[in-house]
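Asker: Take this structure first; my questions come after.
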Amino acid sequence: MFSAKAVYGNSARLRDGKVQTMHSIWHRANSSLTFFGTVAAVLCLLTTGTDFFHESNPSVSLKLHDVRRLVQHHGSKEHAVVTFDLDADLRDVFSWNTKQLFAFVQAEYETPENRINQVVLWDSIIQQKPPRPPPPPLLRRGDKAYIRLNAHKTKYAFIEPGRYLRNREVNLTLVWCVMPRVGAMYTQQRVLPAGKLP
Amino acid sequence: MDFVGQRRAENVLMAIVIAFAAVSFVVGYAQKDFALMVKINGVGLALALLVVLPDWPFFNLNQWKWLPALVPEEKPAKK
């Protein structure tokens, strides 16, 4: 498979043409480990290739539960205190090559000043439960990939640096970044209109 | 190791590593278990090292026959 002459040149060749490639234990150890490394790299490429065929269509329900306050600070920043309901089953997004998901909820709206404004309200790192042994009912309750939040307070403040939150049409978006064990990360999202702020 | 043995060692190394890599990928993909793939690969590497690193007798079956050592000739006296 590998021509000894191409790899070793003439230095390992005896005068009568015989070639020594594995004559010492160090030689053999080196060949073994580097060959194993190359094969492992090929396996990683194949593994990340399987993600290309991985399809999932998680069900996501995301809405504003309540707008508790909408205040203005110092005449120039508006702060909305909201709670939201999130019901997302992201368990199918995990493939064998997925290490964790990074999911976050952002509010999107358009103002006369800027066409796109996005504010992150909540995020979470979701790691997979090991597939085996079969999880007892107790473990399944703790599966973070099945997100169920009711009237959940936002982790981060919903602050708009202008004065545009009043009566604003807002979309809530759930975005999840799929972080692989090997290969490239990809991102998917669901945009759900959430109505108007008061 | 003799020359035939060295060639065989290299072939055995590649065969074992590639075979275990293929099996590990298929089994890991079927069981949706990345760690399992890594473990099977590790076993394959261990087995390959076990077979190839030590100078086993079956790598020394074709001893190269060297010519008998020459006695250095007397240098002919010049002139």
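Asker: Going by the structure shown, is A:ALA103 in the same structural domain as A:HIS65 (by the TED database), surrounded by 19 or more Cβ atoms within 10 Å (Cβ to Cβ), modelled with pLDDT under 90 and within 14 Å of the chain's Cα centre (by Cα)?
Answerer: Against the criterion (in the same structural domain as A:HIS65 (by the TED database), surrounded by 19 or more Cβ atoms within 10 Å (Cβ to Cβ), modelled with pLDDT under 90 and within 14 Å of the chain's Cα centre (by Cα)), A:ALA103 does not qualify.
Asker: Let me ask another. So which residues in the stretch B:36-61 are of a type outside the set (Val, Ile, Thr) and facing another protein chain (nearest Cβ under 10 Å), if there are any at all?
Answerer: B:LEU36, B:MET37, B:ASN41, B:GLY42, B:GLY44, B:LEU45, B:ALA48, B:LEU49, B:LEU53, B:PRO54, B:ASP55, B:PHE59
Asker: Something else about it: Across the stretch A:87-113, which residue is farthest from A:TYR164 (Cα to Cα) among those that are hydrophobic (A, V, I, L, M, F, W, C) and either in a loop (DSSP other than H, G, I, E, B) or out of contact with any strand residue (DSSP E or B) (no Cβ under 7 Å at 6 or more places or on another chain) (or both)?
Answerer: A:TRP96
Asker: Turning to a different aspect of this structure: Pick out the one residue from A:PHE53, A:PHE84 that is under 21 Å from A:GLU160 (Cα atoms) and either more than 9 Å from chain B (Cβ to nearest Cβ) or small (Gly, Ala, Ser) (or both).
Answerer: Only one candidate passes the filter, namely A:PHE84.
Asker: Among the residues of the stretch A:146-167, write down those that are at pLDDT 85 or above, assigned to a loop (DSSP other than H, G, I, E, B) and surrounded by 15 or more Cβ atoms within 10 Å (Cβ to Cβ).
Answerer: A:THR154
Asker: Restricting attention to the stretch B:26-35, which residues are at the interface with chain A (Cβ under 9 Å from one of its Cβ atoms), in a helix (DSSP H, G or I) and surrounded by fewer than 21 Cβ atoms within 10 Å (Cβ to Cβ)?
Answerer: Those that are at the interface with chain A (Cβ under 9 Å from one of its Cβ atoms), in a helix (DSSP H, G or I) and surrounded by fewer than 21 Cβ atoms within 10 Å (Cβ to Cβ): B:TYR29, B:GLN31, B:PHE34, B:ALA35.
Asker: Only residues in the stretch B:6-25 that are more than 7 Å from chain A (Cβ to nearest Cβ) and in contact (Cβ under 8 Å) with a residue 40 or more places away in the chain count as the first member; pair them with residues that are surrounded by 21 or more Cβ atoms within 10 Å (Cβ to Cβ) and among the β-branched types (Val, Ile, Thr), Cβ under 9 angstrom, at least 6 apart or cross-chain, and list the lot.
Answerer: Going by the 9 Å Cβ cut-off, the qualifying pairs are B:VAL12/B:VAL52.
Asker: Do we have A:ASP51 as assigned to a helix (DSSP H, G or I) and surrounded by 15 or more Cβ atoms within 10 Å (Cβ to Cβ) here?
Answerer: yes
Asker: Of all residues in the stretch A:78-97, count the ones that are of a type in the set (S, T, N, Q) and under 16 Å from A:VAL175 (Cβ atoms).
Answerer: Number satisfying all stated conditions: 0.
Asker: Against the definition (crowded, with 17+ Cβ neighbours inside 10 Å, aromatic (Phe, Trp, Tyr) and at the interface with another protein chain (Cβ under 8 Å from one of its Cβ atoms)), how does A:PHE36 come out, yes or no?
Answerer: Criteria met by A:PHE36.
The values are calculated or read from the model by the stated rules, or taken from the named source; none is laboratory data. Computed from a predicted structure; not experimentally measured. When we count neighbours, we look across all protein chains shown, and the Cβ atoms used for this are built from the backbone with ideal geometry, even at glycine.
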